[in-house]
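What follows is one structure encoded as structure tokens, with my remarks underneath.
Coordinate-derived values only; no laboratory data. Not measured: the values here are computed from a predicted model. Note that we place each Cβ from the backbone using ideal geometry, even for glycine, and neighbour counts take in every protein chain shown.
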Amino acid sequence: MTRKALSIAIISVSFLAAGCAGIGPGRLKADQVDYARALGDAKKREILAAIVGLRFADAPSFLTVSSIIAAYTFDATGGAILNAGSGAQPNYAQATGSVSYSNHPTFTFTPTTGDAYASAYIRPLSPTLVMPLAESGIPIDLLLRITAQSISGLQNGTALGGPNAAGSSEFFLLLRVLRRLQLAGELNIESRNTDDDKGDKGDGKRQGNKGNNADKGGVFITLGATRSGASKEVADDLALVRKLLHLSPKMKTYEIVYGQAADHDRIPMVTRSVLGILTDLGAQISVPSDQVGNGATKPTIGLIGGETRPTIIVKTGEKPPQDAYVSVLYDKSSYWIDRGDFDSKYAFTVVQNLMALAEVTDTTKSPIVTIPAN
């Protein structure tokens, strides 16, 4: 009996010690995913809050997570008492122990201001930054609808209002044709770097990239990439794109450049800034008529052409559904995106990726997550 009691006491103390020793690796497995999801969800709320705020002319603010420190404390104490018995005292064994656990994470946020704010959010996105995303599988019509203000003079919708606020019907026709060519494999996007000596100042030192619109090199689009003219539909679409963009039919590859005017072998594109993108998305949110009537905001901007659906459908009400994809509270009203609205969720993800690319500079540092492993 004494030996059995002693064994139980020793095993109990061993379990306490083992629990203390193994907390680090176990928390690392869970925290790596949990913190990544938490950062993503926080960024979604920040973006939606900026979109809704701009709908009512509120300037957005952005915070960057600089570091996350997950501090865990696990204390365990244990002891064993054995009495072999003497005289009237019976044999007995006693085990004692205590366990305490605490979690105190520390988050460090850095506000984005000054040059970093201007570079990431105010300057137009470079075509060399935007267009390669089409090669990663993003639909080119969605990408251009979000990022382009005009292509070869064809105007996208704008939040500025006025008679041309809904955009040009030819612009949306161009997007649909480009999407058909992309699905047919007849449209390729290629990035090309410039010669290394073009980045020199003359003193042997290279100029670094500043912001998102000072990228080296260029981006090119190839029309009729695989089997040009193999079908009448493809041939008609290729001819229509060249007609809308005023391109030479003798070429297949054209450079995409920032600006309003170009020759017949280049495609001029005026891109939006991140703030321009968020403002345009906010202008498409449907709001109650009384908020427009009292001057709190402007009327909702509609689109024309074949696609009149808002890029991202943001719903409003007193309370969002519990399973909303993302939701924020603004001025006593809730705004959210439905989890069942795949098109809106996908477009929102594209915007989130564009912002992540725009925020990258030479001095940008990724968030540091520190998780104790012992």
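Couple of notes before you dig in:
- When peptides 271-281, 248-258 are sorted by average Cβ neighbour count within 10 Å, with the highest value leading, the order is 271-281, 248-258.
- Taking θ as phi - 60° and the Karplus parameters 6.51, -1.76 and 1.60, the scalar couplings of the range 148-154 work out to 9, 8, 7, 9, 6, x, 7 Hz in sequence order, x denoting glycine and proline.
- In sequence order, the range 241-246 has phi-based couplings of 4, 5, 5, 5, 9, 6 Hz under the Karplus curve 6.51 cos²θ - 1.76 cosθ + 1.60, θ = phi - 60°, and Gly or Pro positions carry x.
- Remark: spin-label model distance residue 331-residue 136 equals 3.4 nm, labels positioned 7 Å along the Cα→Cβ axis.
- Above-threshold pairs, the threshold being 27 Å between Cα atoms, out of 44/319; 243/298; 232/252; 44/332; 298/345: 243/298
- Peptides 136-143, 57-64 ranked from most to least packed give 136-143, 57-64, packing being the mean of other C-beta atoms within 10 angstrom over each peptide's residues.
- Label-point separation in nm, residue 260 to residue 122, each point 7 Å along Cα→Cβ: 2.2
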